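The values are calculated or read from the model by the stated rules, or taken from the named source; none is laboratory data. For clarity, every value in this text was computed on a predicted model and none was experimentally measured. Reconstructed Cβ throughout: ideal geometry from the backbone, glycine too, with neighbour counts over all protein chains shown.
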Amino acid sequence: MHIGAADLAELIALCRSEIDRNCAHLSDLDSAIGDGDHGANMRRGLEAVFAEREAIAALALPDALERIGTILVMNIGGAAGPLYGTLAMELGRAMSERGGAPDFAASLERAIAAVARRGRSGPGDKTLLDVLYPVQVEVLRRSAPARVAECAQSAAQSTQAMQARRGRAAYLGARSIGHEDPGASSCALLTATICRYLREHDAP
Amino acid sequence: MTARIADSPRAGNVGIVIVSHSPLVARGAADMVRQMVGDCVPLAWTGGNVEGGLGTHVAGIKSAIEAAWSEAGVAVFVDLGGAETNSEAAVEMLGPARAGKVSICNAPLVEGAVIAAAEASGGSPLAKVVATAEELSP
Ligand SMILES: [Mg+2]
């Protein structure tokens, strides 16, 4: 679907309220294997984007994504800031070079690769990449939004069985097993929120 | 929270930046550096998230690097993961010309910063300052 200014402003508002609603849950997940600030950090980032939503929504989608990425980098704090920031910025850059929707899958692939470089992480490290990679596969298959959302949520749950190899959770070694990764969890929440909106407003 | 500790009368020396999740740790480490080298090395520290709690943030790190700026380069010392990732993002935001003169060191925060500052105070180039600090990491 074509994402217009009104869609973008609404998507920002929805993502912000989803993170706000799950703030304590994300921080609890982070407390179990990290420093317990993921919920507050994500909320700070989304609040900052929300505060600028009118100006962002007036931009073309690639420029809007770049702007969102910059705001996230500057406001989330913690390792999640540069990771989510890189995802949005690189997605925007790739889309502006490739010219939009037909190449969304390729743009997403490039953005996810940039996140992996930034975090020096790969599949199975128990990070948000363990949600992003399976989501990318579904996007490449042109799966329906509902299917992409389901995939994101089950991918986040499957980080429970993983042993962390990056971030503070890695210090726990095998004790990190049995807990869902907070970054993977926030990534699934945001993915599902965006997919729900796409399903309700377009349903390809 | 970010602070510039010393103006350098010898601007040719490599600058030192300390990034910790804790403002108290960052400031304490900077105090130890200053005790070692006085004011002959540009020095700045930053610690805490935007709200003053434990954490790091890109804008604070970027300001600290700018505060300790030296044309000879800047060596950055970080504590835990987020400090490193956010420092990398801050360095990128300086633009390619300046980013090329900043190194994020793989060294312990306190010992690394002190030994790097000692090396920098003798006028060593950035590569030598970084290598000396990184010798501390096995
Ligand atoms: Mg955390």
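A compact table of results
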quantity	calculated
Number of positions in the range B:101-135 that are of a type in the set (D, E, K, R) and touching a Ser or Thr at 6+ places or on another chain (Cβ under 6 Å)	1
Looking only at the range A:105-136, and only at residues there that are among the small types (Gly, Ala, Ser) and touching a Leu at 6+ places or on another chain (Cβ under 8 Å), the one that is farthest from the other protein chains (Cβ to nearest Cβ)	A:Ala105
Of all residues making up the range A:9-32, the number that are within 13 Å of the ligand (Cβ to nearest atom) and either more than 22 Å from A:Thr159 (Cα to Cα) or not in a helix (DSSP H, G or I) (or both)	0
Lone unmet requirement of (1) touching a residue at least 12 places away in the same chain (Cβ under 8 Å); (2) more than 11 Å from the chain's Cα centre (by Cα); (3) under 27 Å from A:Gly167 (Cβ atoms); (4) in a helix (DSSP H, G or I) for B:Ala107	(4)
Lone unmet requirement of (1) away from the ligand (no atom under 13 Å from the Cβ); (2) in contact (Cβ under 8 Å) with a residue 24 or more places away in the chain; (3) under 30 Å from A:Ala170 (Cβ atoms) for A:Gly85	(2)
Positions within the range B:30-78 being among the polar types (S, T, N, Q), within 14 Å of another protein chain (Cβ to nearest Cβ) and not in a helix (DSSP H, G or I), in sequence order	B:Thr46, B:Asn49, B:Thr56
Odd one out for A:Leu72 among (1) surrounded by fewer than 22 Cβ atoms within 10 Å (Cβ to Cβ); (2) within 12 Å of chain B (Cβ to nearest Cβ); (3) at pLDDT 95 or above; (4) within 16 Å of the ligand (Cβ to nearest atom)	(1)
Tally of residues being surrounded by fewer than 16 Cβ atoms within 10 Å (Cβ to Cβ) and assigned to a helix (DSSP H, G or I) across the range A:33-56	4
In the range B:79-101, the residues that are touching a strand residue (DSSP E or B) at 6+ places or on another chain (Cβ under 8 Å), more than 16 Å from the ligand (Cβ to nearest atom) and part of a loop (DSSP other than H, G, I, E, B)	B:Leu94, B:Lys101
Failed criterion for A:Leu59 (all others in (1) part of a helix (DSSP H, G or I); (2) more than 13 Å from the ligand (Cβ to nearest atom) hold)	(1)
Qualifying position, being among the acidic types (Asp, Glu) and surrounded by fewer than 18 Cβ atoms within 10 Å (Cβ to Cβ), among A:Glu138, A:Glu180, A:Glu150	A:Glu150
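One line per residue, one yes/no per condition, for (1) within 16 Å of the ligand (Cβ to nearest atom); (2) modelled with pLDDT under 95:
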| site | (1), (2) |
| --- | --- |
| A:Ser158 | no, no |
| A:Gly167 | yes, yes |
| A:Arg175 | no, yes |
| A:Glu180 | yes, no |
| A:Cys187 | yes, no |
| A:Thr191 | no, no |
| A:Cys195 | no, no |
| A:Arg199 | no, yes |
| A:Asp202 | no, yes |
